[in-house]
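The values are calculated or read from the model by the stated rules, or taken from the named source; none is laboratory data. Predicted, not measured: the structure shown is a model, and the values here were computed from it. All Cβ positions, even for glycine, are placed from backbone atoms using ideal geometry, and neighbour counts span all protein chains on display.
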Amino acid sequence: MVCFGFGSMLGSWMGGKLSDKIGFYKIMIFSLFTSGVLFFFLQYVTSFWALCASMFIIMVIADMFRPAMFVSLGTYAKPENRTRALTLVRLAVNLGFAAGPALGGLIILNQGYQALFWVDGSSCIIAIVLFAVLVKEKKVPEDLIAKKEAESKRESVFKDKIFWIFLFVCFITAILFFQLFTTLPLYHSEHFSLSEFQSGLILSLNGILIFFLEMPIVSYCQRKDISKLSIILWGSVLMAISFYILLFNAWAGILIVSLLFITFGEMFIFPFSNSFALSRAPKGHEGRYMALFTMSFSLAHIASSKMGLEIISHFNYQANWFVMGTLGVLAVLCCVWLQRLLVLEK
C-alpha cells in the first residue's frame, strides 16, 4: 500500500507536467491503455518485492490519468458547468467504487483470481478505446486562454501561497475522509461487534446519499453563487463534527449520525475543492496545479491509515476521534485564513 501511494504521487505529478507539455488527451489515452496492458502481466508476479515494484510502476502510469482528466474538464465543459462536470466525475467514481468490489468478488468466486486481471485490464483498454473513438481532441477554449493578467504572472505553482494553504486543507480533509475505509470499519467490529455485512450497509449509505444528493447540492450552491471556499469551510466543519460525535460511544446508532455528517462534509468539500484548484491555475499551468491537488490525496492515503492505526495502537479509538476532529478544526481555521488572503489579493 505504501508503494501504491508513492506511485500514485509520482504518477500524479508526471501526469500534470506532461499534460501542460504535450496535452491532456494523449496522456489520458497512454495512461489508461498502458495500465490495462500492465494488469495482464500483474497476475504473473509471485514474490513480495516484485509485487511492490509492480504496484509502484502501475500506479505511476495509472495515476497520470487523474490530473489529465481534471484538465480536460476545462476544455470539454462550459465555464458555468465545470463544477457540475467535476461532480459528475465524482459520481462516476463513486459508482465504480460501489460496483467494483462486488464485481471483483463475483469474478474471483466463479472464475478465480486470474480472470480478475484479464477483466480489469480489458475494461481499461475498452474504456479508453471508446473514449478515443467517441471523444475527439479539442483546443483549449477562449475563456481559459484569456486569463486575468494577475493570474498569468504566477509563473510557478510553488510561489502560490494561497494554493499551498488550500492543498493543506485538502490533505487534512482527505485524511479524515479516508478514516471511513480504514479505522472506522475496525471500530464497527471491535467496539460494537457489527458483522462485515452490517458495517458494509452503513458504509453503503455514504455512496447512496452522494448518488442522490451531491448534484442537487452543487447545482443549488451554484445558483445562489455561494463562494467555493465558504462551502469548503462548512464542509470542514461537518467533517470535524462527525468525529467529535464518535466520542459519545454508548449507542451504535451514533455511527450512522457520524456517517451523515462526514458524507455531507464530503459533498461540500470535494466537488468545490476540485473546481477551486482548477480555477486557481494560470494558463499553461493547469496540469501542474491539478497534479499537486491529486498528490495531496495520494499523500493523505498513505498518512491516514498509518496515523489512525498508530493512535489507536498506542492509546484508543476515542483518542483517534479526538485527534481527527481537531484536525478538522485546523482545516476550518485554514479556510478562514484563505478567505482573508483572497480578499487581500483582490
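Miscellaneous remarks
- Scanning region 228-260 for residues that are among the polar types (S, T, N, Q) and either in a helix (DSSP H, G or I) or loosely packed, with under 14 Cβ neighbours inside 10 Å (or both) gives 230, 236, 242, 258.
- The set of residues in region 298-335 that are touching a residue at least 24 places away in the same chain (Cβ under 8 Å), among the hydroxyl-bearing types (Ser, Thr, Tyr) and over 28 Å from residue 11 (Cβ atoms) comprises 317, 326.
- Selected residue (only one of 144, 213, 205, 180 is modelled with pLDDT under 90, touching a Leu at 6+ places or on another chain (Cβ under 9 Å) and farther than 19 Å from residue 300 by Cβ): 205
- When every residue of region 185-204 is checked against the conditions, at least one turns out to be exposed (fewer than 15 other Cβ atoms within 10 Å of the Cβ), in contact (Cβ under 8 Å) with a residue 24 or more places away in the chain and small (Gly, Ala, Ser).
- In the condition set (1) outside any helix (DSSP H, G or I); (2) over 25 Å from residue 117 (Cα atoms), residue 75 is compliant with all but (1).
- Evaluation of residue 184 against (1) over 30 Å from residue 279 (Cα atoms); (2) in contact with a Gly (Cβ under 7 Å, 6 or more places away or on another chain) (one fails), failing number: (2)
- Of everything listed in (1) crowded, with 17+ Cβ neighbours inside 10 Å; (2) over 30 Å from residue 215 (Cβ atoms); (3) out of contact with any Pro (no Cβ under 9 Å at 6 or more places or on another chain), the single unmet condition for residue 73 is (2).
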